[in-house]
Each structure stands twice: as C-alpha cells, then as structure tokens.
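Enquirer: Below you'll find the structure I mean.
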Amino acid sequence: MSVASIGEIVWVICIIAWYVVRYPFERRAKRVRVTSSRRSATDTIGLAAALLGLAILPAIYVATGFPRFADYPASPWMIGLGALIFVGALWTFRRTHKELGRNWSISLEIREKHQLISKGPYALVRHPMYTSFLLMGIGQMFLLSNWVVGLAGVLGFAVLFFLRVDKEERLMLEFFGPEYRAYMDRTKRIIPYLY
Ligand code: SAH
C-alpha cells in the first residue's frame, strides 16, 4: 500500500469519526426551540464553502483521484503529522460540543433558555469549534498529498469563519450584553493568546 493511500484512509476514518461525534448533539439540539434566528444567504454560502472544502472535494479526491495534476509525493512524516493534528481537531470538536450542549446551532441562532458558555475550551477562546475546523483543514492538508484538495479545507474554513464571526459576536453582544463584552475582553477568537 502506498504512503498516499494510507493518508487517504486515515482521512476517511477521521471524517467518519467527526460525524459520529456530531450526530448525537445534532439530534438533541433539534429538540430545543429556536427563539431568534440570524440564518442568512451569506451564512448558507459559508456553510456550503466549508462543506465543499472539508468534505466534498476531499471525498471526490479519495474516491476518484481528481484532480490528479495537483498531486505531489506523499511522505510518512506528513501523514503522521496530519493524523495527529486531525485527532487533535476531533478531540477539540467533541469537547466544544459537550460544553455548548443544547446551545449549539449549525447557523446563527439563539435557543430557548440560551446560556453563555465560557468554561472549558471556551475559557481559552470564544470560537473553539471553529478552531477545531481550522485544525481539520490543516490535518487534511498533511493527509492528502494534493495541492488543490490540501488547500481547499483551510480555504473553506476561512470563508465560513470570516463571513460569520462578526455577525456571531454581534448576536452574542445583543443577547448577553456586558457579560459577553467582559468575556470578549479576556479571550481571543480562535488561537489562544494570539487571535
Ligand atoms: N462559535 C462557537 C459556537 C459555534 S456553534 C465556537 O466556535 O465554538 C454556533 C452557535 O453557537 C451560534 O448560534 C451561537 O448562538 C452559539 N454560541 C456561540 N458562542 C457561544 C457561547 N460562548 N455560549 C453559548 N452559545 C454560543
């Protein structure tokens, strides 16, 4: 078996694990009523970009090898590093879901009895779930030795993040006021102590 195909198999296992982590939270959150929604066309574009870059393009690549022209030789250390980063992403993703619980939404929404979470990973950064998406994108870059597919994940994440983050923080400020303002003063967005 080639080094490149080991990277592809690791990616497939990780992406299945990602959905196994998400599924139960998605089911539970659906039962909590949404009291205020800021879903917009822009947000749908962001979600589509993330889905395309982090799931659809890499899945097409693993299934068909397209776009082969952008392949480069895989190396064992890159696959190892990619696996480590992706596992870190999955661990972060699971922790954020456990902490956010019933307050989670796929888009920008306030749910009934919405609570401001600022514990666990949320004590370090305001958007640790988006940190986990960035880590997934970086993991994908190392696991799949193809320039186009490698960069697609991080790009997809960036489109979702930058289309959404200001609106999300505005929504939190509207809803939680000074409590969120104070939380903003003591945390960064996605990279602890940096950004
Ligand atoms: N941006 C966060 C949450 C992503 S899920 C993260 O990356 O971890 C998106 C939903 O979470 C939004 O609908 C918003 O209402 C809610 N949300 C964002 N930050 C929150 C917080 N600190 N506490 C509670 N809910 C939050």
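The values are calculated or read from the model by the stated rules, or taken from the named source; none is laboratory data. Everything quoted here is computed from the prediction, not taken from an experiment. Here the Cβ positions follow ideal geometry from the backbone for every residue, glycine too, while neighbour counts run over all protein chains shown. These accessible areas exclude ligands, DNA and RNA; they are computed on the full protein's heavy atoms, side chains included. Shrake-Rupley method; radii C 1.70, N 1.55, O 1.52, S 1.80 Å.
Enquirer: Among the numbered conditions (1) of a type in the set (A, V, I, L, M, F, W, C); (2) away from the ligand (no atom under 16 Å from the Cβ); (3) open to solvent by less than 70 Å² (accessible area, probe 1.4 Å); (4) in contact (Cβ under 8 Å) with a residue 60 or more places away in the chain, tell me where V87 comes up short.
Expert: With respect to (1) of a type in the set (A, V, I, L, M, F, W, C); (2) away from the ligand (no atom under 16 Å from the Cβ); (3) open to solvent by less than 70 Å² (accessible area, probe 1.4 Å); (4) in contact (Cβ under 8 Å) with a residue 60 or more places away in the chain, V87 is out only on (3).
Enquirer: Which numbered condition in (1) within 8 Å of the ligand (Cβ to nearest atom); (2) of a type outside the set (G, A, S); (3) over 20 Å from A49 (Cα atoms); (4) touching a helix residue (DSSP H, G or I) at 6+ places or on another chain (Cβ under 6 Å) is the only one that R126 fails?
Expert: Status for R126: all satisfied but (4).
Enquirer: Continuing with the same structure: For the structure I just gave you, tell me whether L124 is surrounded by fewer than 24 Cβ atoms within 10 Å (Cβ to Cβ), within 18 Å of R189 (Cβ to Cβ), of a type outside the set (K, R) and within 10 Å of the chain's Cα centre (by Cα).
Expert: Against the criterion (surrounded by fewer than 24 Cβ atoms within 10 Å (Cβ to Cβ), within 18 Å of R189 (Cβ to Cβ), of a type outside the set (K, R) and within 10 Å of the chain's Cα centre (by Cα)), L124 does not qualify.
Enquirer: Name the pairs: first residue in the range 170-195 and under 13 Å from H127 (Cα atoms), second residue aliphatic (A, V, I, L, M) and loosely packed, with under 12 Cβ neighbours inside 10 Å, Cβ to Cβ under 7 Å, at least 6 apart or on different chains?
Expert: So the pair list comes out as K188/L194.
Enquirer: I've got another one for you. Taking the range 7-38 as the region of interest, how many residues are of a type in the set (V, I, T), open to solvent by 60 Å² or more (accessible area, probe 1.4 Å) and closer than 24 Å to L135 by Cα? Spell out the reasoning first.
Expert: First, pick out the residues of the range 7-38 that are of a type in the set (V, I, T): 9-10, 12-13, 15-16, 20-21, 32, 34-35.
From what's left, open to solvent by 60 Å² or more (accessible area, probe 1.4 Å): 9, 13, 16, 20, 35.
If we keep only those that are closer than 24 Å to L135 by Cα as well, we get 9, 13, 16, 20.
The number of residues fulfilling the criteria is 4.
Enquirer: From the list A63, A41, A4, pick out the single residue that is open to solvent by less than 60 Å² (accessible area, probe 1.4 Å) and of a type outside the set (K, R).
Expert: None of the other options fit; the residue is A4.
Enquirer: Going by the conditions given, is V165 at pLDDT 95 or above, more than 17 Å from P58 (Cα to Cα) and of a type outside the set (K, R)?
Expert: Against the criterion (at pLDDT 95 or above, more than 17 Å from P58 (Cα to Cα) and of a type outside the set (K, R)), V165 qualifies.
Enquirer: I'm trying to understand the selection: among the residues of the range 1-40, which are outside any loop (DSSP other than H, G, I, E, B) and basic (K, R)?
Expert: In the first step, residues of the range 1-40 are kept if they are outside any loop (DSSP other than H, G, I, E, B); the result is 3-30, 34-37.
Once the filter is applied, which keeps residues that are outside any loop (DSSP other than H, G, I, E, B) and basic (K, R), the range 1-40 yields R22, R27, R28, K30.
Yes/no per residue for (1) among the acidic types (D, E); (2) open to solvent by less than 60 Å² (accessible area, probe 1.4 Å); (3) within 12 Å of the ligand (Cβ to nearest atom):
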position	(1), (2), (3)
M136	no, yes, no
G139	no, yes, no
W147	no, no, no
G153	no, yes, no
F162	no, no, no
M172	no, yes, yes
Y180	no, yes, yes
T187	no, yes, yes
